[in-house]
Amino acid sequence: MLIGLDCAEPSLVLERWRDELPTIAGLMQRGTYGRLTSVIPPITVPAWSCMMSSRTPGDLGVYGFRNRADHTYDGEFIAMSDAIRAPRLWDLVTRAGGSSIVLSVPGTYPPRPLNGVMVGCFLTPSIESPYTYPAALRDEIAGVVGEYLFDTKDFRTEDKDYLLHQVYEMTDRRFALARHLLETKPWTLFAMVEMGPDRMHHGFWKHMDTGHRKHEPGNPYESAILDYYRHVDGLIAGLLEHADDETVVFVLSDHGAKRLDGGIRVNEWLRREGLLATLSEPDGVSSLRDVGVDWARTTAWGEGGYYARVFLNVQGREPEGLVAPEEYEAVRDDLARRLAAIPDDAGDPIPTAVYKPEELYDDPQGVPPDLIVVFGDLLWRSVGTIGGDEGIQTLENDTGPDDANHAQDGLYVVAGPGVEARGRSDAHLLDVAPTVLELLGIEEPPGMRGRSLASQLAVR
């Protein structure tokens, strides 16, 4: 039984609020737990698919929600289920003759056939979409929870009461459906992911965190995140009623969360450095699409998000490439050095890490960024806008109010038959799938990057 909590933060769940969460604390006391180092980038897409397949983003060729489909300037794709070609746990369980319940694990829309049932993830376009396998399950879901909520409608909003209502409604319906499926469907593997923790962190982190530069003491939402975790802890207790003496239970998150100090306007920096040229001057804060890019005079461009994806405009690779192939590495090294030196809004250095994809992944597939930039140890995010009166640093997010960024470590808690009470033992996200396969007695396919933790857990 895999209970996924997107973005659940280990410092809160495993440490600060442990005594407030009796269900999870009970699993911790009976089993093993720790931080679960995520992949780079630590983002919902592709992290859950990486976890379920034990493949890196480079193996999957998926580096975020949006990815370049080719080396043109406008060819991109959103990483739906058909982008994930490696077998995930439920595929392997099906091949071994077992059955699975897969509930809203990111990377499962549109759902693909398996031995069992599957409900699509938060990328499902609407309730009218074919979001279940088998198709008849859709009507059954409507009878159980009414309109199933894949995600909150708008989590980057100033209307915090609206956001709270949305998150709780989504979470309650998902767990109600989970209980129904556990009661009515056969399963060897149960895997679900709840998106609520992520939405709560983005929406309410500054209200909780006294170290956040926008924190206001005494605000009415100081306990909103803790209250939500308490609520989810109670819902998990309901799922555990369906875990018998032969069931190993995991509680997992794909990454953590931390305060967001601000954003680095990567394209505005590139423009000011003379590396990015536009067809027209921006009228206020603008996107590259608003003004157009003069590709013949552009060395590099970037994408905003939790981290920056920076691409070089290379002769013979991009249609109007500027960087000569023989100068590619020198230009890339120089750009990496300069990006790493961008300071915060006070002019102080921040611990930015700049990676080449081949440094992170053995054989990157698809069209990886030329540089992967993690600003300020994820206390700063990448913002793609240009123009306006702001400088390179901004305290506002270009996609709406946001209090938190992702943190590199998620968490895991595992308890059940054969799992000894070993206390804390940290692990890697890629270790989850090999561990589950060994627990189920299913042969591990070639190509998995992680290692089974079964011996570490003392599973007999």
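Spin-label model, E443/R18: points 7 Å from Cα along the beta carbon direction are separated by 4.1 nm. Remark: the range 246-256, residue by residue, has Karplus-estimated 3J(HN,Hα) of 9, 9, 8, 10, 10, 10, 9, 9, 7, 6, x Hz, where x stands for each Gly or Pro and the curve is 6.51 cos²θ - 1.76 cosθ + 1.60 at θ = phi - 60°. Sequence-ordered 3J(HN,Hα) estimates for the range 410-420 from the Karplus curve with 6.51, -1.76 and 1.60 and θ = phi - 60° stand at x, 9, 9, 9, 9, 8, x, x, x, 8, 7 Hz, glycine and proline given as x. What a 1.4 Å probe finds exposed on the range 358-460 is 45% carbon and sulfur by accessible area, rounded to a whole percent.
Considering only DSSP beta bridges with both partners in the chain, what is the antiparallel share in %, to the nearest 5? Working shown, then result.
Numbers: 35 of 59 bridges.
Counting only bridges with both partners in the chain, antiparallel ones make up about 60 percent.
Working from label points 7 Å from Cα in the Cα-to-Cβ sense, the D172 to A135 distance is 3.3 nm.
Our note on the geometry: Cα centres of the range 79-111 and the range 168-188, 18 Å apart. Once semi-axes √(5λ) of the Cα gyration tensor in Å is worked out from the coordinates, which option in (1) 33, 30, 22; (2) 37, 25, 21; (3) 49, 30, 23 does it equal? Working out semi-axes √(5λ) of the Cα gyration tensor in Å from the coordinates points to (2).
The calculated FRET efficiency for the pair V145 and L395, based on their C-beta separation and a Förster distance of 45 Å, comes to about 0.70. When both bridge partners sit in the range 275-388, DSSP labels roughly 95% of those beta bridges antiparallel. What is the distance in Å between the Cα centroid of the range 275-323 and that of the range 199-215? So the separation of the two Cα centres works out to 33 Å. The antiparallel fraction among DSSP beta bridges confined to the range 37-185 stands at about 55%. On full extension, the segment bounded by T247 and I78 gains 57.3 nm, given 0.36 nm per residue less the C-alpha separation.
What 222 nm value per residue comes from the helices of the chain, counting each DSSP H run with n ≥ 4 as -39,500 (n - 2.57) and dividing by all residues, nearest 500 deg cm²/dmol?
Details: 13 runs with 131 residues, N = 460.
Helix contribution divided over all residues of the chain: -8500 deg cm²/dmol.
On the accessible surface of the range 196-355, probed at 1.4 Å, how many percent belong to carbon and sulfur atoms?
Working: 3110 of 6740 Å².
Answer for the range 196-355 is 46 percent, counting heavy atoms of protein chains only.
Convert 25 °C to kelvin, take the viscosity as 0.890 mPa s, use the Kirkwood radius over C-alpha pairs of the range 374-416 as Rh, and evaluate the Stokes-Einstein diffusion coefficient in µm²/s, rounded to a whole number. Don't skip to the end; give the middle numbers.
Values: Rh = 13.0 Å.
For these conditions, the coefficient is 189 µm²/s.
Counting lysine pairs in the chain that sit 8 or more residues apart in sequence, or on different chains, and whose Cα atoms lie under 24 Å apart gives 8. How far is the Cα center of the range 391-451 from the Cα center of the range 1-39, in Å? The distance from the Cα centre of the range 391-451 to that of the range 1-39 comes to 11 Å. Protein heavy-atom accessible surface, 1.4 Å probe, per residue over the chain: 38 Å². Between amide H atoms placed 1.01 Å from N, distances below 5 Å from R381 occur with G262, G263, I264, all of them 5 or more places distant or on a separate chain. Using only the alpha-carbon atoms, how far is helix 160-184 inclined from the longest principal axis of the chain? Give it as 0 to 90 degrees, nearest 10. Approximately 40 degrees, to the nearest 10.
The mean sequence distance of close C-alpha pairs (under 8 Å, at least 6 residues apart), as a share of the length of the chain, puts its relative contact order at 27 percent. On full extension, the segment bounded by N115 and E281 gains 54.2 nm, given 0.36 nm per residue less the C-alpha separation.
Listed values for the range 68-76 are Karplus-derived 3J(HN,Hα) couplings in whole Hz (6.51 cos²θ - 1.76 cosθ + 1.60, θ = phi - 60°), namely 5, 7, 7, 9, 6, 8, 10, x, 9, and x replaces Gly and Pro.
Multiplying the sequence separation of S455 and E358 by 0.36 nm and subtracting their Cα-Cα distance, what value in nm do you get?
Here the segment from S455 to E358 would lengthen by 31.8 nm.
The values are calculated or read from the model by the stated rules, or taken from the named source; none is laboratory data. Here the structure is a predicted model, which is why all the values come from computation and not from measurement. No Cβ is skipped: glycine too gets one built from the backbone with ideal geometry, and neighbour counts run over all protein chains shown. The protein model used for the area step is the full one, side chains on, heavy atoms only, and it has no ligands, DNA or RNA in it. Shrake-Rupley method; radii C 1.70, N 1.55, O 1.52, S 1.80 Å.
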